[in-house]
Amino acid sequence: MQTAEVAGTAKAGVASLIAAVSRLKAGLDAGVDLVGTTKQLIEDIGLYDDLRDASGSMSAAQRRIDNVTGLLGSLQRFSDKGRGVDKLAEYLRALSLDTSDNEKRQDGDKVVLTTLHGAKGLEFPVCFMIGLEEELLPHSRTLNPQATDVQDPDHATDISEERRLCYVGITRAQRKLYLTRACTRVSRGRVLPRTPSRFLLEIPDELLEVRDLSEEARQKVPESEVGAFFASFARDD
């Protein structure tokens, strides 16, 4: 399609896309750094602005932007080995091979590790939701907003967004669902108590079968051995 065949604002959009792709090709042909070229393309097409406009809140937009940043990091590690079109084609082939290998491993029994966002639209016979604790679900950024979050007009609804995300995870299970939380976690050599997620406490008691594995572990492992383990952990840290 030529730009002359398109009218109005669509014509300007197509022309802008062609210009961005042309600059990308010129950079790759000249052997410019792949990450630098990709960042320029992101700027040219206004990807970050589009992600912000399409997201329901600033925190949701930031998660999507972080995904792009992660991709750039992956590309950076690969581009350290070379530059240009051939190196980009090799990177894309590597991604394609990873996808093909994953598809080949889909047959038979397997464990799928995914985020709650990544699980949307999927169902599994048995699901384990890990970390039903305050500051994990709901996330600490929701409970303790940072300066950038305060500027977000939708931030007040973030708890509701987190609750809906929890609902997404719960409804992925077809037959059995395990909801887990830790009573304590080790952070920087310190054992810190954890608070159950408010979403876990909102589930009616008659729908839950509660099992305290920490008590079972204490009965099986002598307290002296547990103390020795944490002492060793602190020294190694």
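Here's a check for you: in region 100-147, which residue that is at pLDDT below 75 and in a helix (DSSP H, G or I) is least open to solvent (accessible area, probe 1.4 Å)?
This residue is Ser100.
Mind counting the residues in region 161-179 that are within 22 Å of Arg141 (Cβ to Cβ), open to solvent by 40 Å² or more (accessible area, probe 1.4 Å) and of a type outside the set (A, V, I, L, M)?
So the answer is 4.
Being under 29 Å from Arg164 (Cβ atoms) and either in a loop (DSSP other than H, G, I, E, B) or modelled with pLDDT under 80 (or both) is the requirement here; does Ala60 meet it?
Against the criterion (under 29 Å from Arg164 (Cβ atoms) and either in a loop (DSSP other than H, G, I, E, B) or modelled with pLDDT under 80 (or both)), Ala60 qualifies.
The values are calculated or read from the model by the stated rules, or taken from the named source; none is laboratory data. Predicted model, so just to flag it, every value in this text is computed and none were measured. Don't worry about glycine lacking a Cβ; one is built from the backbone with ideal geometry, like all the others, and counts go over all protein chains shown. For accessibility, only protein heavy atoms count, side chains too; no ligands or nucleic acids. Shrake-Rupley method; radii C 1.70, N 1.55, O 1.52, S 1.80 Å.
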